[in-house]
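Please treat every number below as a calculation from the coordinates, not as lab data. Being a predicted model, the structure only gives us computed values, none of them experimental. Positions of Cβ are backbone-derived with ideal geometry, glycine not excepted, and every protein chain shown enters the neighbour counts.
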Amino acid sequence: MQTPLTIWCVTDGKPGHRSQMLGLVEAMAERAECQVGWLTAGRDTLAEAAALKQRPALILCTGHRTHWPAIRLKWRFGGMLVALLKPSLPLRLFDLCVVPEHDGARVHRRILRTCGTLNDIRPAEESADPGRGLILIGGPSKHHGWDDRQMLDQIARLRDALPALRWTLTTSRRTPASFVDVARQLADERLRLVPVEDTDREWLRDHYAGCGVIWVSEDSASMVYEALTSGARVGILPVPRQRESRVSRGLDALLRDGWVTGLADLCRTGHMGRQRRGLREADRVADYLYYCIRRQDSTVSHESPPGVALPK
């Protein structure tokens with residue numbers, strides 16, 4: 001009987017960081033039996049780890065606050081250390097860094113580049129309902145402004161362009177209360193408004209799996225990549241940009257390459273781009289890590305495991 005693969009995940013408590021590690025852990029669990037321990041980054045991380053029975057084969061960390069605790073765990077207990085997102089510390093301290101392409105990471109033997117951030121969305125096992133649409137609304141951020149009326153007008157144009165769809169619209173913690181108030185004007189038998197307070201992560205995962213069409217406001221880049229992972233047809237609703245950023249340039253590349261549809265293109269042509277197979281970046285990373293661990297070699301090289309293409 002094969003020994004379970006022990007994975008330790010060092011978390012800073014941020015839901016987005018946790019979902020990245022969870023997505024990779026779930027993908028690893030499809031390849032081997034896994035024992036997973038979640039450790040909180042802080043002064044007690046080593047003590048928490050010492051209470052765990054099995055030493056790790058793999059240590060995952062996401063977010064700057066997790067890096068030093070994870071490095072100390074590797075020094076103390078061993079294991080392959082993998083940072084998700086671009087670290088601020090020297091690369092030599094990690095065995096592998098999984099970095100989104102839009103972060104502009106240089107080609108390096110310790111960097112594996114991905115299309116967007118990893119997430120815990122799994123491609124739908126059954127075909128999603130092409131008659132169901134999901135609209136994910138964010139809000140103002142350091143890179144984006146906001147205009148309630150502009151967003152409402154865009155949603156109205158979206159509904160007019162795709163009249164056969166039944167829509168669910170949900171918000172985020174950044175969505176202004178003023179937008180939610182006026183968005184209720186759009187609610188009818190074809191559009192249901194579900195504020196973020198009435199949802200949780202499982203609700204969102206269920207809707208990713210069940211909706212054949214998903215539109216996301218461009219300020220919510222992580223949700224764009226989650227939607228692409230689900231295998232749905234994906235569109236982007238423009239939001240006023242305060243300044244250009246690596247993330248916005250990444251979204252522009254998705255539009256240019258046909259991964260997502262812009263609202264102007266939809267209104268001009270009357271249809272969205274062709275259906276693409278869902279992004280499977282967590283699976284690709286899991287294949288590579290599992291290959292490295294099976295070789296019992298935590299030094300990452302440019303050699304590609306069978307069936308796994310390394311990024312260019």
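A few remarks follow.
- Dipole of the chain, positive end: most advanced residue of Leu186, Ile135, Gly258 [Cβ charges, Cα centre]: Gly258
- Summing Cβ point charges (Lys, Arg +1; Asp, Glu -1) relative to the Cα centre of the stretch 129-269 gives a dipole of roughly 300 debye.
- Note, ³J(HN,Hα) from phi for the stretch 15-26, Karplus 6.51, -1.76, 1.60, rounded to Hz, x at Gly and Pro: x, x, 5, 5, 5, 5, 5, 4, x, 5, 4, 4
- The chain - Debye-derived log10 I(q)/I(0), Cα point model, q = 0.08, 0.09, 0.15 Å⁻¹: -0.39, -0.49, -1.19
- Measuring nothing but how far apart in sequence close Cα pairs (under 8 Å, 6+ apart) lie, relative to its length, the chain scores a relative contact order of 18 percent.
- Between the stretch 197-235 and the stretch 3-80, the Cα center-to-center distance that results, in Å: 27
- Over the stretch 150-275, Cα pairs under 8 Å with separation of 6+ residues give a relative contact order of 24 percent.
- The stretch 90-135: trypsin sites (Lys or Arg not before Pro) in DSSP loop, at most 12 other beta carbons within 10 Å: Arg106, Arg109
- Cα-centre dipole for the chain with unit charges at Cβ (Lys and Arg positive, Asp and Glu negative), debye to 20: 1060
- Projected label points at His108 and Ala50, each 7 Å from Cα along the beta carbon direction, are separated by 3.2 nanometres.
- Under the Karplus curve 6.51 cos²θ - 1.76 cosθ + 1.60, θ = phi - 60°, whole-Hz ³J(HN,Hα) for the stretch 262-268, x wherever Gly or Pro sits: x, 4, 4, 5, 4, 5, 6
- Candidates Ala105, Ala29, Ala156: whichever shows maximal mean-square fluctuation once the chain is modelled as a Gaussian network with Cα springs under 10 Å: Ala156
- When Lys14, Lys142 are arranged by Cβ crowding within 10 Å, least crowded first, meaning fewest neighbours, the order is Lys142, Lys14.
- In the chain, helices alone account for a calculated mean residue ellipticity at 222 nm of -10500 deg cm²/dmol, with every DSSP H run of four or more residues adding -39,500 (n - 2.57).
- Loop trypsin sites (Lys or Arg not before Pro), the stretch 181-280, which have at most 12 other Cβ atoms in a 10 Å radius of their Cβ (DSSP): Arg243, Arg274, Arg277
- Convex hull per residue volume in Å³, alpha carbons only, for the stretch 129-269: 106
- Of Leu191, Leu96, Leu228, the one that fluctuates the most in a GNM where the chain has Cα springs shorter than 10 Å: Leu191
- Leu134 long-range amide H proximity, modeled H, under 5 Å: Thr168, Val213, Ile214, Trp215
- By the count of other C-beta atoms within 10 Å, a proxy for reagent exposure, Ser217, Ser88, Ser141 are ordered fewest to most as Ser88, Ser141, Ser217.
- For Cys9, nonlocal amide neighbours, meaning residues 5 or more places apart or on other chains whose placed amide H falls under 5 Å from its own, are Gly37, Trp38, Leu39, Leu60.
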